[in-house]
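Asks: Below: one structure in structure tokens.
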Amino acid sequence: MPELRVIAWNILEGERLESVASTLSNMRPDIVLLNEVRNPLNGRDQVDYLVQQCSLPYHKYESTTSTGLTGTKGVAILSRYPLLQTQMHMVWGEGLPWPPTFGTLQATIQIDGLYHEVFTTRYRTLHTPGSEHYDETQEAQNRAGHKQAHNLVQNVPADRAVLFGGDFNANWANTDWSTELRDKSGLTDAVWQHSPYTMVPPESDCLTNRGNPPLVDLARRYDYLYYRYPKYRVSGATMKCALPGSDHPYVYATFVRMDRPAEENAAVVVRQEVPIYMVAGETYDVQVVMKNVGTNTWTPGGSNPYRLGPQNPQDNTTWGLRRVELPHPVAPGSEVTFVSKVTAPDVTDVVHFQCRMLQEGIQWFGDFSPNVGVRVAQRQLFRIAVDPTPTPVRRDIQVTVRALQRLA
């Protein structure tokens, strides 16, 4: 894969889950590191819903009670790649309350032969010393969390990549232990590495000022996405509010491995246009724009032509077609627009539309297009009964006659 796309996000206990799902689906991440997940909430399995909407089939959720923890600040990892092993680490230390209230979820993922140790967390809220809500125990818990992060990273073999995201509830400007994690653990902050002088939304302010809160410098934020691997280059990184998804901005970064040769077949999605409401049996226009980011030229002919095919599930015929032909050769770096007509299936349900590039007989490759949940309804037929020989209706009508005198 040409880029590894990762998002870390505090999702406000899933209170605005549809918006979160929409954002993730549009961003098309490969790995999602979530915190403040309350599962279930109002009878809904939040992780299962996000998995279905975002086509990230491999996932692990840990509540803060599943390993003896208390509270509702659960964590989860969603991935396009299999989770080979997972473990929940409690944040605890001598003198801290028992049972612990926060933890860090770890997963092992193999991508293109490289093992990744992936972590997601949310540490104890930290208030400024001297403020009304300051609590020494909370400060000790936050400090213990950062110490845990340092130790977890140090235990990862040097030949493995590390991704560590979450809401650390402390920043470089207000705590020395946050700075120590940055400087002594071997971790690199993705946003700082890409744009060290950028301004970002502060923690918990995304729902104010219509999603345009006053920005702060990177030293004063609380949400981070760290990484460790010398052959990774950060090709893009940002922090943005996604209304009305959460009060926290998401942290998004793309990583490119510099020790990998360019792939022969590789594609990224530029744009997709799919109606989200359809009537069963009706035909609709769909457009998907793909960019060739590999080294091979895509060709429409020959024994192994390049085409666009359906996903979710792969090779389905839900929409009345199995392949969309490539309209012309596509050189590396160029884009192509696939235009097709799909027929809504004969169901009354939400049906998923998603596709991907393939070279017939060789491989599927590149980005999956955004997973769109199309709401399909049955055609409503209305019958009007007309009586050809209507029966006359007698009605009594009162008529008032007035005699008017004619003037001479």
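The values are calculated or read from the model by the stated rules, or taken from the named source; none is laboratory data. Bear in mind that the values here come from a model prediction, so they are computed numbers and not experimental data. No Cβ is skipped: glycine too gets one built from the backbone with ideal geometry, and neighbour counts run over all protein chains shown.
Asks: So, in the range 331-350, how many residues would count as being assigned to a strand (DSSP E or B) and in contact (Cβ under 8 Å) with a residue 40 or more places away in the chain? Can you show your working first?
Replies: Initial filter on the range 331-350 (assigned to a strand (DSSP E or B)): 335-343, 349-350.
After this cut, where a residue has to be in contact (Cβ under 8 Å) with a residue 40 or more places away in the chain as well, the list is 335-343.
Number of matching residues: 9.
Asks: Next question. Would you tally the residues in the range 1-56 being of a type outside the set (V, I, T), closer than 18 Å to S246 by Cα and part of a strand (DSSP E or B)?
Replies: Final tally of qualifying residues: 9.
Asks: While we're looking at this one, here's another question. Looking only at the range 247-276, which residues are part of a loop (DSSP other than H, G, I, E, B) and within 17 Å of the chain's Cα centre (by Cα)? Spell out the reasoning first.
Replies: Kept after step one, since they are part of a loop (DSSP other than H, G, I, E, B), are these residues of the range 247-276: 247-249, 258-266, 274-276.
Answer for the range 247-276, where residues must be part of a loop (DSSP other than H, G, I, E, B) and within 17 Å of the chain's Cα centre (by Cα): D247, H248, P249.
Yes/no per residue for (1) over 30 Å from N312 (Cα atoms); (2) outside the structural domain of R228 (by TED's automatic domain parsing); (3) in contact (Cβ under 8 Å) with a residue 12 or more places away in the chain; (4) of a type outside the set (S, T, N, Q):
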site: A76; (1), (2), (3), (4): no, no, yes, yes
site: Q87; (1), (2), (3), (4): no, no, yes, no
site: W92; (1), (2), (3), (4): yes, no, yes, yes
site: P97; (1), (2), (3), (4): yes, no, yes, yes
site: G103; (1), (2), (3), (4): yes, no, yes, yes
site: A107; (1), (2), (3), (4): no, no, yes, yes
site: H116; (1), (2), (3), (4): no, no, yes, yes
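Asks: Where the second residue is polar (S, T, N, Q) and the first is within 10 Å of V200 (Cβ to Cβ) and lies in the range 215-227, which pairs have Cβ atoms under 7 Å and are six or more apart or on separate chains?
Replies: Cβ pairs passing all conditions: L218/T198; R220/N171; R221/N171; D223/N10.
Asks: Could I ask something else about it? Quick check on the range 195-228: of everything there that is of a type in the set (K, R) and modelled with pLDDT of 80 or more, which residue is surrounded by the fewest Cβ atoms within 10 Å (Cβ to Cβ)?
Replies: Just the residues of the range 195-228 that are of a type in the set (K, R), to begin with: 210, 220-221, 228.
With the extra rule that they be modelled with pLDDT of 80 or more, the set shrinks to 220-221, 228.
Details: R220: 15, R221: 25, R228: 18.
The selected residue is R220.
Asks: Please work out if T121 is under 23 Å from E62 (Cα atoms) and either not in a helix (DSSP H, G or I) or not hydrophobic (A, V, I, L, M, F, W, C) (or both).
Replies: Numbers: under 23 Å from E62 (Cα atoms): yes; either not in a helix (DSSP H, G or I) or not hydrophobic (A, V, I, L, M, F, W, C) (or both): yes.
Spelling it out, T121 is indeed under 23 Å from E62 (Cα atoms) and either not in a helix (DSSP H, G or I) or not hydrophobic (A, V, I, L, M, F, W, C) (or both).
Asks: Any idea which of R80, R16 is surrounded by fewer than 20 Cβ atoms within 10 Å (Cβ to Cβ), within 21 Å of the chain's Cα centre (by Cα) and of a type in the set (D, E, K, R)?
Replies: Working: R80 fails: surrounded by fewer than 20 Cβ atoms within 10 Å (Cβ to Cβ).
On inspection, the qualifying residue turns out to be R16.
Asks: For the structure I just gave you, tell me whether N265 is closer than 30 Å to A331 by Cα, polar (S, T, N, Q), surrounded by 19 or more Cβ atoms within 10 Å (Cβ to Cβ) and touching a strand residue (DSSP E or B) at 6+ places or on another chain (Cβ under 9 Å).
Replies: Numbers: closer than 30 Å to A331 by Cα: yes; polar (S, T, N, Q): yes; surrounded by 19 or more Cβ atoms within 10 Å (Cβ to Cβ): yes; touching a strand residue (DSSP E or B) at 6+ places or on another chain (Cβ under 9 Å): yes.
Yes, satisfied.
Asks: Cβ-Cβ under 8 Å, sequence separation 6+ or interchain: first residue in the range 270-282 and exposed (fewer than 15 other Cβ atoms within 10 Å of the Cβ), partner polar (S, T, N, Q) and not in a loop (DSSP other than H, G, I, E, B). Which pairs?
Replies: The qualifying pairs are R271/Q287; E273/Q287; G281/T343; E282/T343.
Asks: Need pairs with beta-carbon distance below 6 Å; first residue under 21 Å from Q110 (Cα atoms) and crowded, with 22+ Cβ neighbours inside 10 Å and within the range 229-242, second at pLDDT 85 or above and not aliphatic (A, V, I, L, M); sequence gap 6+ or separate chains.
Replies: Matching pairs, first to second residue: Y232/F255.
Asks: Being touching a Ser or Thr at 6+ places or on another chain (Cβ under 8 Å), in contact (Cβ under 8 Å) with a residue 40 or more places away in the chain and farther than 20 Å from I7 by Cα is the filter here; which residues of the range 154-196 pass it?
Replies: W172, N174
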